[in-house]
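Values in this text are rule-based calculations from the coordinates and carry no lab data. Please read all numbers here as calculations on a predicted model, not as lab measurements.
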Amino acid sequence: MSHLAEGTLRRLVDDPTDGVARAHLAECTACRERFDALAHVAHSVREALHVDGVEPARAAVALAAVRADLLGGPVRRGGLRVWAGAVAACAAIALSFVLTPLRSVADNFLAIFEPQQFVAVPVSRSDMEQLRALPDLSAFGTVRSQRLAGPVHVATVRAAVAAARMPVRLPAVLAPGVLDAPQFTVEAPRSATFTFSAARARASAVARGHSAPPMPAHLDGSTLYAVVGPIVIATYPDASGHFQTLHRRHGHAFPALLVVQAPAPRISSTGASAREIEAYLLAQPGVPPQLAAEIAAIGDPATTLPIPIPVDRSYATPVTVDGVRGLAVGDETGVGAGVVWQRNGEIFAVAGATTMRAVLAVADSLH
Amino acid sequence: MLIERELRVSADRVADPFDALFVREYPRVVAIASRVLLDRDAAEDVAQDVFVQYHRRHRPDAPFAGAWLHRAAVHAALNARRGALRRSKREGSSAALEAPLHIGSGSDADPLRQTVRAEERADVRRALARLSERSRAVLALRHSGLTYAETAAALGVTTGHIGTMLARAEAAFIKEIAHVAPR
């Protein structure tokens with residue numbers, strides 16, 4: 001048999017399954033010497049070209065950056081800063097007049113993989129107090145976010161479309177006493193990752209003097225990546241041109257009318273499922289057991305976003321809006337009303353210091 | 001039982017096809033670009049651009065997805081390197097060749113070892129710079145863990161050529177290393 005070709009010998013270094021070539025090698029000293037030399041060179045080159053692997057958390061940040069890029073967001077890569085709480089941003093912004101700002105389990109984590117429906121969870125005043133006392137996400141792991149542009153304020157829908165790089169639907173019908181002179185706020189897409197850390201959770205439980213349940217091994221080190229936005233918020237003024245009406249009893253400023261739209265936020269995970277994460281978070285000390293049971297009973301946390309509704313001053317009811325099922329939230333005292341729904345992968349919300357009937361009429365007239 | 005069923009459902013929907021492609025291929029795309037550029041941050045930028053380009057052009061479940069990404073990683077990294085070389089030439093410096101080296105183990109605490117390692121990396125960089133782009137490509141692809149078939153698909157040659165290309169590229173690299181860093 002003639003001597004082995006260089007390419008065959010080199011391949012034999014990586015893949016010793018070529019029986020014919022190996023048989024020749026066993027008999028031919030010249031080829032064996034060439035083989036040894038090639039193997040030595042290959043090994044040296046491999047060593048010289050060694051690079052460290054990509055950590056999963058790093059890959060997750062990269063995926064979030066790519067997703068944000070694809071959404072057309074002006075992403076500046078590299079600079080990561082802490083950013084949390086955008087997970088439920090769409091719903092939270094729209095309903096902020098009913099949902100006092102929650103830094104709670106519900107707001108931060110009830111993992112939306114891609115919310116398709118919204119379910120009201122009644123929350124009592126004492127539940128609210130307890131939820132507010134809960135630590136934020138950073139007590140359970142590491143939050144990283146992509147540094148992104150701040151909000152843009154524009155006065156025309158054309159400018160809003162240009163800034164958001166997505167179509168914007170506007171109502172044909174407005175609530176009574178609302179001027180058709182909207183201003184637009186465009187929030188750039190945001191992306192964030194969160195990596196669970198059992199050690200961090202333990203340390204922060206100790207710091208707060210709690211004995212927290214151990215983090216399941218499967219959760220420890222698993223990473224969630226979230227992409228939210230762009231969010232377009234159209235704010236309409238009241239008849240006297242004011243964009244916000246201060247309500248004396250509540251002390252909050254309510255907008256006359258808000259129309260919010262955004263692609264449904266997406267959260268993906270390197271391992272942990274929405275159900276596992278929900279179970280772990282709801283088991284934290286300080287989460288009212290009754291509330292935990294109600295949230296756990298809702299159904300698939302991958303597609304359902306629970307919206308906490310203060311029972312003592314609001315009501316919530318499923319409605320048909322814009323041709324799909326949505327959730328209407330109103331204030332018992334008639335201060336305001338809102339509705340939130342998901343249609344074709346986009347989340348919409350209409351809310352304002354007006355009646356539910358007016359809000360639904362506005363929502364149904366979006367085009 | 002209900003919970004078990006939902007667990008499975010949730011796990012199934014963890015990643016959409018593009019996310020799954022990304023999770024599977026991103027480390028290799030970064031590895032390939034890193035071995036061309038010898039600069040981890042630049043390699044990650046290249047890798048992310050490659051995925052953005054892919055997403056705009058092709059379906060995530062296309063059968064050629066892997067080969068496309070690997071090939072694009074090599075080309076984009078070579079392009080990025082040419083761009084850096086042009087810039088450094090224009091600015092009258094060798095900044096591109098002497099830029100800080102970000103690959104390899106960064107956890108070495110010993111400053112002497114770090115220095116030695118940085119010198120070795122500079123040697124590798126100079127040796128690679130003397131190779132043809134085709135040689136750099138085959139080295140980057142194969143040493144990033146691609147099989148012979150995958151390397152061949154990314155380079156647009158038949159699998160039978162890879163052994164020879166690899167052996168020649170490695171021999172050339174070792175010769176250049178000896179030249180830039182005589183021991």
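Data table
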quantity: Karplus (6.51, -1.76, 1.60) ³J(HN,Hα), θ = phi - 60°, over region B:120-125, in Hz, Gly and Pro reported as x; calculated: 4, 4, 4, 4, 4, 4
quantity: Per-residue HN-Hα couplings for region A:304-309 [Karplus 6.51, -1.76, 1.60; θ = phi - 60°; Hz; x = Gly/Pro]; calculated: 10, 9, x, 10, x, 10
quantity: Distant-in-sequence amide H partners of residue A:309 (H built 1.01 Å from N, under 5 Å); calculated: A:121, A:123
quantity: J(HN,Hα) series, region A:31-45, from Karplus relation 6.51 cos²θ - 1.76 cosθ + 1.60, nearest Hz, glycine and proline x; calculated: 5, 5, 5, 5, 4, 4, 5, 4, 5, 5, 4, 4, 5, 4, 5
quantity: 5 angstrom amide H check on residue A:346, placed H, neighbours 5+ away; calculated: A:264
